[in-house]
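First comes the structure, then the notes that go with it.
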Amino acid sequence: MELSPEKEDEIIDKIVDKVVNYKMKSAALLFFRSYKPMSSYGSQVAPAMLGPFFFLLDLFDIEGFNFNAFFMKRENLDKLIEKIEAI
């Protein structure tokens, strides 16, 4: 599943907004930096293991598949980390 650049930017903004609202910059950076080496593997396994949960999330307008597709690309994680560091 491919996301448009606009959708990728929207997801980055959503995550950064949550990090700012909850004042979790250090924790988010620690998590995303430690997740980075396994991001593509985890994103490929997640639909198989969590498929029914993604379906339920989509029923409640929570974009499970979009977030999963976002984390499949390592460049997106780099952009996210850079944006969190900039705040």
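The values are calculated or read from the model by the stated rules, or taken from the named source; none is laboratory data. Computed from a predicted structure; not experimentally measured. In this analysis, Cβ positions are derived from the backbone assuming ideal geometry, glycine residues included, and neighbour counts consider all displayed protein chains.
General observations
- Per the listing 84, 11, the residue uniquely modelled with pLDDT of 95 or more and part of a helix (DSSP H, G or I) is 84.
- Number of residues in the range 14-36 that are free of Cβ contacts under 8 Å to residues at least 12 places away in the same chain and either surrounded by 11 or more Cβ atoms within 10 Å (Cβ to Cβ) or within 13 Å of the chain's Cα centre (by Cα) (or both) equals 7.
- Filter result (assigned to a helix (DSSP H, G or I) and touching a helix residue (DSSP H, G or I) at 6+ places or on another chain (Cβ under 9 Å)) within the range 21-36: 25, 27, 28, 29, 32, 33, 35, 36
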